[in-house]
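Following: one structure in structure tokens, then a few remarks.
The values are calculated or read from the model by the stated rules, or taken from the named source; none is laboratory data. All values derive from a computational prediction rather than experimental measurement. Reconstructed Cβ throughout: ideal geometry from the backbone, glycine too, with neighbour counts over all protein chains shown. With ligands, DNA and RNA removed, areas are computed over all heavy atoms of the protein, side chains included. Shrake-Rupley method; radii C 1.70, N 1.55, O 1.52, S 1.80 Å.
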Amino acid sequence: FGVCSEKSVIENVNILAATIQTKGIGVGSIVGKSTGLINKCNVNSVFITGGGYVGGIAGIAHEIVNTYAQAWIMGTDEFKLSDNGGKCYGGVAGYCNYIINSMASVFMEGTDKVNGGLVGELSSDAYNCLALGVYISDSGYIDENDDAWLSGDVIGQYDGNAEKQISDKRLYYIS
């Protein structure tokens, strides 16, 4: 799917061995951008290259529940975005509002700015998730403008409510 609306439900989609290569943004093996629900979807052995907002299941997502992604994700510098805008990469999603009961195993290479084994940038909340066997190359890099690249084994950047401590939400990382 390219774009799915807020009333959409993507459910029980399973992908085995897919390759997606693009210079664009909003790239995922199941959906590029979804403002609805993604539930019970799994991807295995997917190779994805994109310019930004790249994830194993979704590039940009509102809510992801009960999913698994095993992916190899690569970034491309051919598509330039301003500052941090869009340079988010994650095992399940590049950018996501909510993620629940989900797991990722991911190898990331050539990605930049915001990288997470599960989600690149999380805006609201996560619960009961697992990042398993995560490898992110170039983590901790400082670019020519002295901007640090943010990398986390589970979440690259968390923008949620500071009163809700994400560490209390049963998020796990196993190397």
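For the stretch 114-124, backbone phi angles converted through the Karplus equation (6.51, -1.76, 1.60; θ = phi - 60°) give residue-by-residue couplings of 9, 10, x, x, 9, 9, x, 10, 10, 9, 10 Hz, Gly and Pro being listed as x.
The simple spin-label model puts a point 7 Å past each Cα toward its Cβ; for ASN44 and GLN21 those points are separated by 2.5 nm.
Sort 23-30, 58-65 by the packing proxy (mean of other Cβ within 10 Å over each peptide's residues), most packed first.
Sorting 23-30, 58-65 by mean packing, highest first, produces 58-65, 23-30.
Using mean Cβ contacts within 10 Å as the protection proxy, how do 35-42, 88-95 order, highest first? Could the numbers behind the result be given before it?
On the way: 35-42: 19.2, 88-95: 34.1.
Final packing ranking: 88-95, 35-42.
Probe of 1.4 angstrom, ligands and nucleic acids ignored: what's the accessible area per residue over the stretch 1-83, in square angstrom?
48
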